[in-house]
Protein chains: 2
Amino acid sequence: MSQSAEIICVGTELLLGDILNSNAQFLAQELARLGIAHYYQTVVGDNPARIKGVVNHASDRAQLLIFTGGLGPTPDDLTHETLADCFGVPLVEHPEILADITRKFAERGRVMTANNRKQALLPEGAAVLTNDSGSAPGIIWQPKPDLTILTFPGVPVEMQRMWREVAVPYLQSQGWGQMTIYSRTLKFWGISESALAEQVSPFFDLQNPTVAPYANNGEVKLRLSASAASEADARQMIAPIEDQLRQIGGLNCYGADNDTLASVVGRLLNASQTTLAVAESCTGGGLGEAITAVPGSSRYFWGGVISYDNAIKTKLLDVQVQDLEEHGAVSHTVAKQMAIGVRSRLGTTWGLSITGVAGPDGGTPSKPVGLVYIGLAGPSDGQSFEHQFGALRGRDWIRRLSIASALDHLRRSLINLN
Amino acid sequence: MSQSAEIICVGTELLLGDILNSNAQFLAQELARLGIAHYYQTVVGDNPARIKGVVNHASDRAQLLIFTGGLGPTPDDLTHETLADCFGVPLVEHPEILADITRKFAERGRVMTANNRKQALLPEGAAVLTNDSGSAPGIIWQPKPDLTILTFPGVPVEMQRMWREVAVPYLQSQGWGQMTIYSRTLKFWGISESALAEQVSPFFDLQNPTVAPYANNGEVKLRLSASAASEADARQMIAPIEDQLRQIGGLNCYGADNDTLASVVGRLLNASQTTLAVAESCTGGGLGEAITAVPGSSRYFWGGVISYDNAIKTKLLDVQVQDLEEHGAVSHTVAKQMAIGVRSRLGTTWGLSITGVAGPDGGTPSKPVGLVYIGLAGPSDGQSFEHQFGALRGRDWIRRLSIASALDHLRRSLINLN
């Protein structure tokens with residue numbers, strides 16, 4: 001029989017949008033890692049009737065219900081009461097929990113309130129899921145055959161520790177998570193999602209491993225997932241498919257998983273023992289920020305100049321005043337001079353520059369918002385590249401795409417050198 | 001009859017935990033703001049049978065279903081097909097959408113693929129919810145009495161614009177969101193959540209408006225929410241409470257709502273008609289990036305130097321080699337010299353600098369990871385400030401706090417000048 005889990009997050013603060021549901025993401029990643037199937041996530045407020053409806057519905061379609069939230073000391077916190085009610089059992093007080101809560105309050109020099117006593121009440125028949133980082137324990141409960149319920153507090157750090165230290169070993173002892181789902185994500189730059197999808201469409205029909213495309217922030221990804229008895233087996237199933245996809249993707253495929261364009265460029269700079277400096281206009285420092293987000297970037301990144309004002313382009317980057325007047329700051333000529341200037345001033349192997357119109361103001365018919373030039377100077381020459389990112393998605397988008405494109409041009413140059 | 005909305009996010013990437021469900025948070029905040037009741041959020045994968053089950057269940061308990069995701073060009077994107085199937089209507093091709101997609105591809109110099117044609121297919125009877133920032137439109141559809149369906153792409157920037165520009169006016173024209181919940185968020189820097197909570201605790205008992213604290217990324221916020229028949233009424237209820245809270249918060253309260261430390265600093269620089277340059281070491285350009293994230297920042301921000309390598313600190317910022325050797329790059333002396341140097345080299349009123357140990361490597365017993373110095377040079381003097389952000393939360397956290405703290409020092413100096 002195919003068993004699956006369902007994540008149920010309880011809390012009116014989620015319905016009000018006060019907090020981002022990072023608990024659902026953590027649990028989703030964990031279920032995927034353990035190979036436990038999971039088809040639905042539900043968020044419901046602190047309302048007993050609605051929580052009850054969700055429990056009834058979920059227990060018809062899943063065999064493992066994982067709750068977060070609603071275990072605190074306030075009258076709003078109703079998860080355990082409601083679960084007891086759903087399955088027709090009373091709440092019973094656990095003296096050992098009460099003692100534990102009392103001790104924790106004493107340790108922190110605080111007085112326990114009557115409210116906190118409520119946290120020692122659990123549905124009859126439920127085992128305690130110990131919380132070593134906070135006051136509210138969860139439960140491990142089989143209220144009926146083929147249904148397991150786990151509850152966790154909403155505080156991420158408490159929930160995650162309880163999950164790792166107690167819930168995972170328990171689930172594995174019960175036969176959950178025997179299969180492992182292992183995933184690799186291939187990352188692409190310089191190709192649209194639809195164009196890539198057409199190139200690799202036969203792979204979308206595979207059953208195990210599966211291949212699925214997705215896109216965000218201008219970046220296209222392919223996720224390869226295999227289900228197997230061990231991670232090693234799953235990796236072995238993925239490897240040949242990954243090879244084929246990388247072959248098709250060619251230079252557009254820049255890396256996998258935690259690789260970023262900046263980390264890949266860093267590896268290539270390290271490998272070639274070369275150094276980099278940047279000159280930024282419309283990105284205002286964002287290119288340097290992206291490069292130095294990589295730990296250890298000081299080995300190849302020396303620094304740069306943020307030449308937001310034109311006077312700085314001439315003063316610190318030796319851009320010719322005449323070229324600024326003739327071609328404008330947003331031009332092939334100035335992009336190239338910025339890259340050459342910063343390379344020469346800082347004494348690095350490479351100079352990489354960005355100048356463009358990020359908007360919302362400052363666009364003209366010949367230099368519209370979204371027009372960006374990227375300059376690249378190396379040991380042998382200087383080049384420049386024109387991009388039109390469009391005005392539609394706004395300033396942040398244009399700046400983010402400018403930074404990624406600049407890194408991508410450098411990446412391709414570093415690869416082509418070899 | 002009490003009407004409510006339900007948020008349904010479609011995408012296997014959410015079930016695998018690949019992405020955080022920020023769309024649900026955005027829509028939840030918006031529904032709260034508009035006073036539209038909302039009791040459930042569901043996440044479901046790219047699976048027609050399961051999507052269909054979710055639609056059937058949700059349309060029994062809500063009158064407005066808001067979908068995100070599954071509108072893209074790939075075979076995985078099934079939201080519109082499945083909705084058509086749920087309500088027994090065919091998909092019809094909209095020539096105007098096809099023309100629009102074709103035009104957008106042409107503008108960006110790309111060739112449209114056959115896959116993209118699929119995005120012009122909508123359920124019969126559904127109106128187009130225009131997407132001005134991307135290729136996939138959504139729908140506005142009443143497949144049966146008392147049920148309205150809105151669909152949005154999963155890309156947050158596209159979804160948010162479509163929501164604001166098309167969906168909200170439509171919903172209000174249909175009688176949704178008649179009570180208005182209006183919220184203001186006061187933002188603080190330089191005080192902990194618990195210290196602020198103690199100062200303002202009596203306000204937490206208010207019923208309407210309500211006052212609630214929250215914290216993220218080192219920043220503390222107070223949200224004031226009032227429910228009233230009109231936004232004007234709600235604003236009037238909030239104004240006196242906001243005044244009192246600002247009085248209590250003093251200089252620690254730096255702004256409200258969309259204000260950022262960078263935008264507030266920008267306003268103060270504009271008002272004082274002064275200019276700014278930055279010198280960055282461990283933040284690598286992130287301070288300039290934050291300042292130039294504000295549209296119009298070119299009026300007061302001239303640029304800066306990213307002096308990641310020590311040689312750049314001497315070459316471009318006139319930091320004394322002797323001081324680098326004696327005190328180290330992470331020191332009061334060097335922070336001050338960097339600020340003075342960049343102010344003098346770029347010719348601005350203010351120079352702001354950051355030098356620190358962002359980790360994970362490079363810490364020593366006397367200069368541990370998380371130790372950061374901020375330098376500030378103005379017309380009359382140079383100062384420096386020491387911060388210890390700790391190593392626990394990692395490189396990104398240290399860099400983000402360094403940037404915010406630098407902006408906050410400048411903000412306080414600009415205010416104290418008046």
Sorting from shortest, the nanometre distances separating the label point of residue B:392 (7 Å past Cα along the line to Cβ) from those of the same residue in the other copies are 4.6
Spelling it out for residue B:92: with amide H atoms placed in the peptide plane at 1.01 Å from N, the residues 5 or more places away or on another chain with amide H under 5 Å from its amide H are B:122, B:124
To the nearest 10 degrees, the tilt of helix A:332-346 (Cα long axis) against the first principal axis of the alpha carbons of chain A is 80
Taking Cα atoms, the helix B:48-61 axis meets the longest principal axis of chain B at an angle in degrees (rounded to 10) of 90
Here the correct list, in nm and shortest first, of distances from residue B:318 to the same site in the other copies, label points 7 Å along Cα→Cβ, is 2.1
Residue by residue through the range B:147-161, the couplings from Karplus 6.51 cos²θ - 1.76 cosθ + 1.60 with θ = phi - 60°, in Hz, x for Gly and Pro, are 9, 10, 10, 10, 10, 9, x, x, 5, x, 5, 6, 4, 5, 5
Sequence order, the range B:205-212: Karplus ³J(HN,Hα) from phi using 6.51 cos²θ - 1.76 cosθ + 1.60, θ = phi - 60°, Hz rounded, Gly and Pro as x, gives 8, 4, 9, 7, x, 9, 10, 9
Spelling it out for residue A:9: with amide H atoms placed in the peptide plane at 1.01 Å from N, the residues 5 or more places away or on another chain with amide H under 5 Å from its amide H are A:42, A:43, A:44, A:68
Relative to the compact-globule estimate 2.2 N^0.38 Å (N residues), the Cα gyration radius of the range B:261-417 stands at a ratio of 0.96
Computed ³J(HN,Hα) along the range A:314-321: with the Karplus parameters 6.51/-1.76/1.60, θ = phi - 60°, integer Hz and x for glycine or proline, the list is 7, 5, 9, 10, 6, 6, 6, 4
The range B:180-256 -> Rg/Rh from Cα coords, Kirkwood Rh, value 0.96
Relative to chain A, whose Cα atoms define the longest principal axis, helix A:22-34 and its Cα axis are tilted in degrees, nearest 10, by 80
Dividing the mean separation of Cα pairs under 8 Å (6+ apart) by the residue count of chain A yields a relative contact order in percent of 10
Here the relative contact order (percent) of the range B:353-394, from C-alpha pairs under 8 Å and at least 6 apart, is 37
The exposure ranking of B:200, A:264, fewest beta-carbon neighbours within 10 Å first, is B:200, A:264
Once the in-chain neighbours fewer than 8 apart are removed, the lysines whose Cα is under 19 Å from residue A:52 read A:144
Among beta bridges assigned by DSSP with both residues in chain A, the antiparallel ones amount in percent, to the nearest 5, to 60
By Cβ neighbour count within 10 Å, fewest first, B:389, B:152, A:87 rank A:87, B:389, B:152
Dividing the helical contributions, -39500 (n - 2.57) per DSSP H run of n ≥ 4, by the residues of chain B yields a 222 nm value, nearest 500 deg cm²/dmol, of -12000 deg cm²/dmol
Bridge orientation stat for the range A:261-417 from DSSP, antiparallel percent rounded to 5, came to 55
Computed over the Cα atoms of chain B, the Rg and Dmax in Å are 26.1, 79
Once the in-chain neighbours fewer than 8 apart are removed, the lysines whose Cα is under 24 Å from residue A:104 read A:118
For the range A:1-68 the mean separation of alpha carbon contacts under 8 Å (6+ apart) over residue count, i.e. relative contact order in percent, is 54
Label points for residue B:247 built 7 Å along Cα→Cβ; distances to same position in the other copies, nm, shortest first, come to 7.5
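Taking every DSSP beta bridge with both residues inside the protein assembly as shown, roughly what % is antiparallel (nearest 5)?
65
Here, each number is a calculation from the coordinates, and none is a lab measurement. This structure is a prediction, so every number in the text was calculated from the model and none was measured. In this analysis, Cβ positions are derived from the backbone assuming ideal geometry, glycine residues included, and neighbour counts consider all displayed protein chains.
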